[in-house]
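Visitor: Quick one: the structure is below, and I'll ask about it shortly.
The values are calculated or read from the model by the stated rules, or taken from the named source; none is laboratory data. Quantities reported herein were computed from a predicted structural model and do not represent experimental measurements. Counting neighbours? That spans all protein chains shown, and the Cβs are built from the backbone with ideal geometry, glycine included. When the accessible area is computed, the model is the full protein with side chains, heavy atoms only, and any ligands, DNA or RNA have been set aside. Shrake-Rupley method; radii C 1.70, N 1.55, O 1.52, S 1.80 Å.
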Amino acid sequence: MACFESNKGSLEEDSYEGAVGGELSSCALAMMEKERESLLSPSESPGTFISSSSNSFQAAPLQGYDVEFDPPLESKYECPICLMALRNAIQTRCGHRFCKSCIEKSIRDTGQRCPVDNEMLSEDQLFPDNFAKREILSLTVRCPNSGCTEKMELRHLESHLEQCQFATAPCSQCQQSVRKSHLEEHTTVECQRRPVSCPDCVTSFVYEERELHEQQCPFASVKCQYCEMDLIRDQMASHCDTDCPKAPITCNFSIFGCKERMQRHNLAQHMQEFTQMHMRYMAEFLRGLSLNGTTPKPLWPLGPSVSTEDQGAAAPVSACGGPRGPASCSSNCTQPSEEMQRLREMDGRLVKQDHQLRELIILKETQAGQLAELRRRVSMLEETVKELEAQQCHGIFIWRLRGFSAHLRNQEAGLPVVEHSPGFYTGRPGYKLCLRLHLQTPNAPRCSNYISLFVHTMQGAFDGQLTWPFQGTIRLAILDQGPEGLHHMEVMETKPDLQAFQKPTNQRNPKGFGYVTFMHLHQLSQRAFVKDDTLLIRCEVTPRFDSTVHREGPTVQPRGPEASLSRD
């Protein structure tokens, strides 16, 4: 040990050169050679002992080792400045040990004195204590990662941290500390700040804002609060203002004083039942205008109740005081009584006509009720026929979208174009599905001028006999109606964990599954995809049950306009 201590200064790893005179003994030379080999070992090199997994090493890489020793660290291996285990141990001529960076900083900042005994000390009087360094690296430490119970020598801590399954790293999205082994799953599945996109409008947002977006998405499927019809949120306002049969509205005569409110489909009945009341309201309104100094036009012109003869008779009466004198008045004195008789006759005719009108109204209401019942029965028969036709599809459905040019004009004008196909079954018994087509507007973010195509599950007649969620393969294609028959096709597998494939609780599941960018609109003009103003969309569905295998079908080429499909 004495021969080692007398020659320490010549073995400094960081190019310290101690001036030692005289020849070294063979013992000293041997010890120096072993220490040089030890210093060159990668596992003991202080320059490489900085773990990316340990926050304590990142915070202060040049101070002592901030780790938990087991057993606890002896005080002789503790730096008096940083109070941690010695890193690159340095010994002074007065016999005190320090971390290399700690003592150098102390000498530069506080003067050339030893921090322990205040003796004069300069940097050229420091020399490495390689023996203490080797002893410290041989001490047992605990892994700093929470949950890990491994122990190892200090020199092996770095390699352990690189492989430790409890090592953590901050999530780049939410900055939460996550185990490295779970980091990928966290960033893609669990992180509340992970980026997601809306399946309806393709807008991107962070996951924690999904509820806010669902409440504001203009293309989200919503139900009318009055008639429960499925609509897109952008269409809701115009639907309630003009179309909804159950939306509450005011009477057309509200400006004249009628305060009744009713559902839109009851307005005609209200107008018919309260015609006389509306006339009184209007007469009072016009009378009020007249009293205020404004002379309104007559409610009706002189009609059958006052003939042209009556008008001629009124002139002589008004002229009694005229130049013709009393003789002319006496000649016309019998006219008022004739007028009264004529008025009574007219009043009788009006009463009779009023009774006839009421009978006609009752007959009309009866016929309207019978007509409504007939229409209801016809509608039920049509629905039954459609349901039977849908059950005959056997999983292959061709949707003929007629009047496609009108949809393209609306799309070019920036209006939302959304169409739903009739329902169809995958078999008998089978699942009931339908298609939904969007024509994305020119200003839609990231999907402008694309055709979006989705599949929705619907409530069907065989839902109770089937297994849920729906599983299988779905082939979607826009058919080329030209002689080449180069159809644009996509193939997708269902995902049972999505809401789109669960058993629907409404007539049509509001959640769909498909492609936002199924096909660009400019591709329609490259082939005969539109013929006779009709677009043909083909959907082939192969359900998959636990006890069955996939139904064999035509070989499908990869995605792209070159993919072909045998024409039906």
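Visitor: Excluding Thr203 itself, what net charge comes from residues whose Cβ is under 12 Å from its Cβ, given Lys and Arg +1 and Asp and Glu -1?
Guide: Net of charged neighbours comes to -1.
Visitor: Using amide H atoms built in the peptide plane, which far-off residues or other-chain residues are under 5 Å from Tyr431 H to H?
Guide: Excluding prolines and chain starts, which carry no amide H, the hits are Thr426.
Visitor: In square angstrom, rounded to the nearest 10, how much accessible surface does His213 have for a 1.4 Å probe?
Guide: Spelled out: His213, probe radius 1.4 Å, area about 30 Å².
Visitor: Rounded to whole Hz and in sequence order, give me ³J(HN,Hα) for the range 119-135 from the Karplus expression 6.51 cos²θ - 1.76 cosθ + 1.60, θ = phi - 60°, writing x for Gly and Pro.
Guide: So the Karplus estimates, Gly and Pro as x, are 6, 4, 8, 10, 5, 6, 9, 9, 8, x, 9, 5, 5, 5, 4, 5, 5 Hz.
Visitor: Of Phe219, Leu267, Phe256, which is farthest along the charge dipole of the range 205-267 in the positive direction, counting Lys and Arg as +1 and Asp and Glu as -1 at C-beta?
Guide: Value computed over the given set: Phe256.
Visitor: For the range 151-163, take each phi angle, set θ = phi - 60°, evaluate the Karplus expression 6.51 cos²θ - 1.76 cosθ + 1.60, and give the result in whole Hz per residue in order, putting x for glycine and proline.
Guide: 10, 7, 5, 4, 5, 9, 5, 4, 5, 5, 4, 5, 10
Visitor: For the range 172-213, which trypsin sites (Lys or Arg not before Pro) are in a loop by DSSP, counting at most 16 other Cβ atoms within 10 Å?
Guide: Arg193
Visitor: With a 1.4 Å probe and every protein chain left in place, work out the accessible area per residue of the range 107-195 in Å², rounded to a whole number.
Guide: 59
Visitor: Please work out the FRET efficiency for the pair Glu190 and Glu419, using the Cβ-Cβ distance as r and a Förster radius of 30 Å; give the result to the nearest 0.05.
Guide: It comes to 0.20.
Visitor: How much net charge surrounds Val67 when only the other residues with a Cβ under 13 Å from the Cβ of Val67 are counted, with Lys and Arg +1 and Asp and Glu -1?
Guide: So the environment of Val67 carries a net charge of -3.
Visitor: Enumerate the amide H contacts of His520 below 5 Å, restricted to partners 5 or more residues apart or on another chain; note that Pro and chain-start residues carry no placed amide H.
Guide: Ile451
Visitor: Rank these residues by their accessible area, most exposed first, probe 1.4 Å: Asp129, Asp66, Asp200, Asp124.
Guide: Listed by decreasing accessible area, they come as Asp124, Asp66, Asp200, Asp129.
Visitor: Tell me, what is the per residue accessible area of the range 454-509 in Å², probe radius 1.4 Å?
Guide: Spelled out: the 1.4 Å probe surface of the range 454-509, per residue, equals 42 Å².
Visitor: Only four residue types carry charge here, +1 at the Cβ of Lys and Arg and -1 at the Cβ of Asp and Glu. Report the dipole size of the range 79-187 about the Cα centre in Debye, rounded to the nearest 20.
Guide: Using only the charged Cβ atoms, the result is roughly 140 debye.
Visitor: Solvent-accessible area of Asp230, probe 1.4 Å, all protein chains present, reported in Å² to the nearest ten, please.
Guide: Near enough 60 Å² of accessible area.
Visitor: Follow-up. Past 19 Å, Cα to Cα, is the threshold; run Lys223/Lys246; Lys246/Lys511; Lys100/Lys133; Lys432/Lys511 against it and keep the listed order.
Guide: Correct reply: Lys246/Lys511.
Visitor: Out of the trypsin sites (Lys or Arg not before Pro) in the range 424-498, which ones are loop residues according to DSSP with at most 13 other C-beta atoms within 10 Å?
Guide: Taking the range 424-498 and a limit of 13 other Cβ atoms within 10 Å, the loop trypsin sites (Lys or Arg not before Pro) found are Arg446.
Visitor: Sort Leu289, Leu535 from largest to smallest accessible area, using a 1.4 Å probe on the heavy atoms of the protein chains.
Guide: Result of the area sort, largest leading: Leu289, Leu535.
Visitor: What residues have an amide H closer than 5 Å to that of His488, excluding those fewer than 5 places away on the same chain, when H is modeled at 1.01 Å from N in the peptide plane?
Guide: Close amide H contacts, sequence-distant or interchain: Ile478, Asp480.
Visitor: Over the range 345-480, what is the relative contact order in whole percent, taking alpha-carbon pairs under 8 Å and six or more residues apart?
Guide: Reported relative contact order: 16 percent.
Visitor: Hey, got the dipole for the range 143-242? About the Cα centre, +1 on K and R Cβ, -1 on D and E Cβ, debye to the nearest 20?
Guide: Magnitude of the dipole: close to 360 debye.
Visitor: Residue farthest toward the positive end of the dipole of the range 408-519, with Cβ of Lys/Arg at +1 and Asp/Glu at -1: which of Gln502, Pro445, Ser421?
Guide: So the residue we want is Gln502.
Visitor: Note down the magnitude of the dipole of the range 378-522 about its Cα centre, charges +1 on Lys and Arg C-beta and -1 on Asp and Glu C-beta and zero elsewhere, to the nearest 20 debye.
Guide: 220
Visitor: Give me the one-decimal nm value for the distance between modelled label points at Glu493 and His522, 7 Å along each residue's Cα-to-Cβ direction.
Guide: 3.4
Visitor: Could you tell me which of Gln353, His394, Thr366 has its Cα farthest along the dipole of the range 350-456 towards the positive end, charges placed at Cβ (Lys, Arg +1; Asp, Glu -1), taken about the Cα centre?
Guide: Final value for the positive-end residue is His394.
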